[in-house]
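Everything on this sheet refers to the single structure shown next.
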Amino acid sequence: MYRVAARLQRALALGLIAFSCPIAAAQAQISVLGQTTPPTTSATQVAANLETGRLQAADNLRPGQYRWQPEAAPASGPVSILVSIPLQRAWVFRAGALIGLATVSTGQPGYDTPTGTFPILQKKVDHRSNLYDDAPMPFMQRLTWDGVALHAGRIPGDPASHGCIRLPRAFAQRLFGVTELGTQVTVTDQAPATPEEALALAAPARTEVRLAAD
């Protein structure tokens, strides 16, 4: 009887060892698979990279929606903006990294938004149109002296402005905070399929501007 019990105890011990080995191996495998970045990459940078991936993939925005992730880029660096008329989208890059994506509303037929590259000429948080019944243009960033600007406004899902580029209000406020006079805004009639294509179309250089006369 004693020998049977001893054999059972020995078999049980062996069984426990046999069961514990796969568990240890699995834990080791999880540890290796979890290390998807070099040890020198900080957790903050990993999170920023993940957010950048989400931002770049976000092209299912409904009218009036936007994405804003400034942590995806260095804190300083040249800012460039691309606006696609056929897609009714705007991309914002800093130091070559995408930090913002938004739906926009450009000029309706007969008031077409001009294409080309324009430096920001003037910035005013509270501005009203000199041409269209004193209409409010919050967070206005002027692109031409004849009235074309970026500003917060209604985004119906198609071109509806008098030539300006309307932005979602919260996005317009955030964008206002990262630009300066001379920041380049490129307006195109092309439809980039990826953020990389949008970046290739954007003009990152900053230019000197002539100040507005009061």
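Checking Gly116, Gly107 one by one, the residue that is loosely packed, with under 13 Cβ neighbours inside 10 Å and in contact (Cβ under 8 Å) with a residue 40 or more places away in the chain is Gly116 and no other.
Of all residues in the range 159-199, none satisfies the criterion of being exposed (fewer than 15 other Cβ atoms within 10 Å of the Cβ) and within 14 Å of Val148 (Cβ to Cβ). In the range 64-77, of all residues being under 21 Å from Arg169 (Cα atoms) and more than 9 Å from the chain's Cα centre (by Cα), the one that is surrounded by the most Cβ atoms within 10 Å (Cβ to Cβ) corresponds to Gly64. Look at the range 59-83: where a residue is without any contact (Cβ under 8 Å) to a residue 60 or more places away in the chain and farther than 18 Å from Ala95 by Cα and a partner is surrounded by 15 or more Cβ atoms within 10 Å (Cβ to Cβ) and of a type in the set (Ser, Thr, Tyr), sitting 6+ places away or on another chain with Cβ atoms under 6 Å, you get Leu61/Thr103. When Asn130 is tested against (1) surrounded by fewer than 16 Cβ atoms within 10 Å (Cβ to Cβ); (2) at pLDDT 95 or above, exactly one condition is not met: (2). Taken over the range 78-95, the residue count meeting the criterion of being part of a strand (DSSP E or B) and surrounded by fewer than 23 Cβ atoms within 10 Å (Cβ to Cβ) is 4. Remark: pairs (first residue in the range 170-197, within 22 Å of Leu87 (Cα to Cα); second residue assigned to a helix (DSSP H, G or I) and of a type outside the set (Lys, Arg); Cβ separation under 7 Å; 6+ apart in sequence or on different chains) = Thr186/Leu201; Thr188/Leu201; Gln190/Leu201; Pro192/Ala198; Pro192/Leu201; Pro195/Gln56.
The values are calculated or read from the model by the stated rules, or taken from the named source; none is laboratory data. Quick caveat, the model's predicted, so the values are computed rather than measured. Ideal geometry is used to build each Cβ from the backbone, glycine not excepted, and the neighbour counts take in all protein chains shown.
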